[in-house]
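To start, the structure under review is shown below, and the notes come after it.
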Amino acid sequence: MNALFSTGQENLSDMCLGIRRSAAVMQTAKDIKGYVDQALMPHELQFSGRRAKEVSFWHKSVEIDGLSLHYIDYQSDANKVSVLLERPGSDLVVKLPLQGTTRILSGGNDWTIRPNEFCVLQPGVPWQTDMEGNSQHLTLVIQADWVSNYLLSRACHLRPEDLSFGPHVFSLNTHGILFSSVVSGLANGLVRADSALHNESVVTHLKQLITSSVLDLSPEFHKANSDRDFEAHLPEHIRRARKFIEDHLTDGIKLSDIVNASGMTKRTVQAGFRTYLGTTPLSYLKLMRLKATHDRLKSSRPNECTVTQVAMEYGFFHLSNFSQDFRKSFGASPSDVLNGTQP
């Protein structure tokens, strides 16, 4: 893919050969399906053609917390390779052909993508891809939990399922210039053991840039970012509950306190948070506390406070769990944020 790797077809072939040398390889449909079910996602796999049983398959992936990039390579005498996901989750899945065309059927739509193009599959909607017998592509998976935390940490009240990308074919040369640049950095880790991918700062920036560049393709993401009237559209009891949470981030409040502040029943409050904020009241409380610790650490100097002091101020008494949740939400450790070495 020239736009992705800024290279010619000859170098692309060399790259694929380089990946194959250290990739997992198998040669039967049963083995391929079993392997991909575990490595990527459960699916149905079918090879069509008179000599469809003759196939070689290579797979290699590079993974960082919340995001993974997969190189998938079919070389066969089959006319067509079909992959079907009947129960996809809420992860964001991006398809980028390297060689051959890929036909995609999803939500009653039917479209084709080619090298230098890509598409984002609708979260939670069944899809099928039909590829040529000889084909190579990249599949980028951005996990739903990471997307949800990314959105909420930026006060963007959407769930992954709320995002739509349509049967849209995006061009790497027009829609995906930033996207192709940052994915190239991650893809290089497939070719060689790139030490940069062990650098936490590099990984954090790659993950955030890739996520933001994909979300930027969704109309709902744009609307949520520009909609200053979001608060006015919330039911009054949800606004009361949110304000109570945000006014008591350093207090030991419980779900019953949030429910009482809303003036509604527990069931109504929980349903409202799910519908309008895509989360639960207690998950929202935890995320707002994490965001508050992030903002506090970012605006402080190391000699003004410690991570432990700030964490405990906001009710995080299990520091190892706090550090894990903080890193999952913001892609950086609390100490690195305090020391100014991470965003």
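The values are calculated or read from the model by the stated rules, or taken from the named source; none is laboratory data. For clarity, every value in this text was computed on a predicted model and none was experimentally measured. Counting neighbours? That spans all protein chains shown, and the Cβs are built from the backbone with ideal geometry, glycine included.
Got at least one residue in the stretch 282-290 being touching a Pro at 6+ places or on another chain (Cβ under 8 Å), surrounded by 19 or more Cβ atoms within 10 Å (Cβ to Cβ) and not polar (S, T, N, Q)?
To start, the set of residues in the stretch 282-290 that are touching a Pro at 6+ places or on another chain (Cβ under 8 Å) comprises none.
No, there is no match, as no residue in the stretch 282-290 is touching a Pro at 6+ places or on another chain (Cβ under 8 Å), surrounded by 19 or more Cβ atoms within 10 Å (Cβ to Cβ) and not polar (S, T, N, Q).
Give 296, 301 a once-over and let me know the one that is basic (Lys, Arg), in a helix (DSSP H, G or I) and either over 25 Å from residue 210 (Cβ atoms) or not assigned by TED's automatic domain parsing to the domain that holds residue 64 (or both).
After applying the criteria, what remains is 296.
Would you check if residue 273 is surrounded by 20 or more Cβ atoms within 10 Å (Cβ to Cβ) and over 20 Å from the mean Cα position of the chain (by Cα)?
Against the criterion (surrounded by 20 or more Cβ atoms within 10 Å (Cβ to Cβ) and over 20 Å from the mean Cα position of the chain (by Cα)), residue 273 qualifies.
Picking from 279, 250, 293, 265, which residue would you name as being surrounded by fewer than 16 Cβ atoms within 10 Å (Cβ to Cβ), closer than 30 Å to residue 65 by Cα and of a type outside the set (D, E, K, R)?
Working: 279 fails: surrounded by fewer than 16 Cβ atoms within 10 Å (Cβ to Cβ); 293 fails: surrounded by fewer than 16 Cβ atoms within 10 Å (Cβ to Cβ); 265 fails: closer than 30 Å to residue 65 by Cα.
The unique qualifying residue is 250.
Name the strands (runs of 3 or more DSSP E) wholly inside the stretch 23-101 in which the number of residues that are in contact (Cβ under 8 Å) with a residue 60 or more places away in the chain is 2 or more.
In the stretch 23-101, the matching strands (runs of 3 or more DSSP E) lie at 55-64, 67-76, 92-99.
Go through the stretch 42-63 and give me each residue that's within 11 Å of residue 83 (Cα to Cα) and either loosely packed, with under 14 Cβ neighbours inside 10 Å or at pLDDT below 85 (or both).
42, 44 - these are the residues of the stretch 42-63 that are within 11 Å of residue 83 (Cα to Cα) and either loosely packed, with under 14 Cβ neighbours inside 10 Å or at pLDDT below 85 (or both).
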